[in-house]
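Here is the structure we will look at.
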Amino acid sequence: MHSGRQCDANGRLLLIDRDVASSRLVVEGLGAALAGAPEIAAAETGRQAVEALRQARFDIVLMDLSSLGDLSERSEDAVTRLVKLAEGALVIAISDGSSVSAAVAAMRAGAHDYVVKPLNGPAIAARIDELAQRHGKTRTLGIEARPSAGVADFGGFIGASSAMQFVYEQIARIAPSAAPVFITGESGTGKDVCAEALHAKGPRVGKPLVAINCAAIPRDLMESELFGVARGAFTGAHEDRKGAAELADGGTLFLDEIGEMDLSLQSKLLRFLQTGTLSRVGEAGVRKVDVRVICATNRNPMTLISEKKFREDLFYRLHVLPIHLPPLRQRPSDIMVLARHFLARYASEEHKAFSGFSGECAQALMAAEWKGNVRQLQNLVRRLVVMFDGGEISGAMIAAADIESRGTAEMIGTSVPQQRAQAILPMWQQEQRIIEDAIASFGGNVSLAAAALEISPSTIYRKRQSWADGVAVA
């Protein structure tokens, strides 16, 4: 066993690998990749590793599974033994690539992650950084702490998929600004939740958030609802009344379904955005208002512009900070997270006891199209809670409750073969569901999911990034 001392060491690392040359490369790679490299000790056999762990405490243990053969117990038991001796260290298993099952067994035995040979110092340094963030070891290892990448709920949103992590990052970056935000996404994806999160995480949080649905208000009343009314402006206007923009002064004005606003009012909205002033209906003077404007639409704004239903100059005035909310079918790993959340919420409200969803039911929910997105799933779960007394949610219960659309029931198995054929998805979407389902099954651990799927973790990261960017890759 040999060791090397680094200046300004950040913790201690034990490298278990019978390949001495490989060990030296890893030491050099880590030293170059980390600003303050850890103090590194090397053991070439399992017995040397046991001795090293008994003599000293380590913060990181890199163990080559093929180097543990001299220990009397089987590989999985040997890993368990070393993990216990490591006393809370970050343990990373090293696999030669052909022993994927051994890597999975090592993680089940307590290893936090695994890497595949040939080893790469910078890549391992990145893994160490990620694990340190996840397991609270940043201070011990001298790594700068950063927000967790696996947030499961954020500002009213539920979900930890890569697509939602990207949305969370956008909201966190955009919230402090005063510039307009343009939210797009299908109905039911949570555009109102996004607006609330932007307001809550910004500097105007203590001020009003006023929402107005441009599709729900008659066109002849929309101007007065938005800008207010002066007394005597028309029959029935017996007093001065503030509009949504004035009520939101100092805070946030949320214009939902902005694409439904009448063209004549769009010009007045544009002037309001340019000058920061408004006039109530029937009023000659102007009033200064300070609001941050957030708007949303479930339609393609460029299509609206081409159809002469939306002013191009208004679009570019509003489309300063865009956020797109992904449909539920593009983040299948969040489906059961959302379903369980809604089940717990509504069961509590109805004072009923539900134990969860059956395997058959979970598969059906994961495979459904969810054209109404999160809102459709939410409504289905609420109906289930109201219609049934408790216990485990089964496929038959969903089929009975799914009166909103037949899509979910068909995926459970009540459809005829022709109906199933119509539900076939493109290969990349099926691949996405398989990968996201595997990641969810292993609690968000990409490495373990990759091992189970017998693919490289880097492949998963590459594909997830492409899905977040809206690109399908082979």
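The values are calculated or read from the model by the stated rules, or taken from the named source; none is laboratory data. Small disclaimer: the values here were computed from a predicted structure and weren't measured. Positions of Cβ are backbone-derived with ideal geometry, glycine not excepted, and every protein chain shown enters the neighbour counts.
List of remarks:
- Test result for Ala244, in the same structural domain as Val229 (by TED's automatic domain parsing), touching an Asp or Glu at 6+ places or on another chain (Cβ under 9 Å) and either within 19 Å of Pro208 (Cα to Cα) or surrounded by fewer than 20 Cβ atoms within 10 Å (Cβ to Cβ) (or both): yes
- Just one of the listed residues (Val281, Val293, Val286) is farther than 22 Å from Arg173 by Cβ and surrounded by 16 or more Cβ atoms within 10 Å (Cβ to Cβ), and it is Val281.
- Residue under evaluation Leu278, criteria (1) touching a Gly at 6+ places or on another chain (Cβ under 8 Å); (2) without any contact (Cβ under 8 Å) to a residue 40 or more places away in the chain, criterion not met: (2)
- Residues of segment 252-261 include at least one that is touching a His at 6+ places or on another chain (Cβ under 9 Å) and within 22 Å of Leu314 (Cβ to Cβ).
Residues are listed down the side, and each one gets a yes or a no for (1) modelled with pLDDT of 90 or more; (2) outside the structural domain of Tyr168 (by TED's automatic domain parsing); (3) closer than 19 Å to Ile183 by Cα:
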residue: Asn300; (1), (2), (3): no, no, yes
residue: Leu304; (1), (2), (3): no, no, yes
residue: Phe310; (1), (2), (3): yes, no, yes
residue: Asp334; (1), (2), (3): no, yes, no
residue: Val337; (1), (2), (3): no, yes, no
residue: Arg345; (1), (2), (3): yes, yes, no
residue: Gly356; (1), (2), (3): no, yes, no
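To keep it simple, each residue is scored yes or no on (1) under 29 Å from Ser267 (Cβ atoms); (2) part of a loop (DSSP other than H, G, I, E, B).
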{"residue": "Glu169", "(1), (2)": "no, no"}
{"residue": "Ala172", "(1), (2)": "no, no"}
{"residue": "Glu186", "(1), (2)": "yes, yes"}
{"residue": "Leu198", "(1), (2)": "yes, no"}
{"residue": "Ala211", "(1), (2)": "yes, no"}
{"residue": "Ala215", "(1), (2)": "yes, yes"}
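- Of the residues making up segment 68-91, those that are of a type in the set (Asp, Glu) and assigned to a loop (DSSP other than H, G, I, E, B) are Asp70, Glu73, Glu87.
- Some residue of segment 374-385 being β-branched (Val, Ile, Thr), surrounded by fewer than 20 Cβ atoms within 10 Å (Cβ to Cβ), closer than 24 Å to Leu198 by Cβ and touching a strand residue (DSSP E or B) at 6+ places or on another chain (Cβ under 9 Å): no
- Scanning segment 245-295 for residues that are farther than 15 Å from Leu226 by Cβ and part of a strand (DSSP E or B) yields Lys288, Arg292.
- Only one of the listed residues (Ala409, Ala367, Ala449) is more than 23 Å from Lys463 (Cβ to Cβ), of a type outside the set (Val, Ile, Thr), modelled with pLDDT under 80 and not assigned by TED's automatic domain parsing to the domain that holds Gly110. That residue is Ala409.
- Counted residues, segment 176-219 - those being without any contact (Cβ under 8 Å) to a residue 40 or more places away in the chain and within 17 Å of the chain's Cα centre (by Cα): 1
- Checking each residue in segment 180-199 for being farther than 13 Å from Phe254 by Cα and not β-branched (Val, Ile, Thr) picks out Gly185, Glu186, Ser187, Gly188, Gly190.
- Single unsatisfied condition, Gly276 versus (1) under 30 Å from Val374 (Cβ atoms); (2) in contact with a strand residue (DSSP E or B) (Cβ under 9 Å, 6 or more places away or on another chain); (3) surrounded by fewer than 22 Cβ atoms within 10 Å (Cβ to Cβ): (1)
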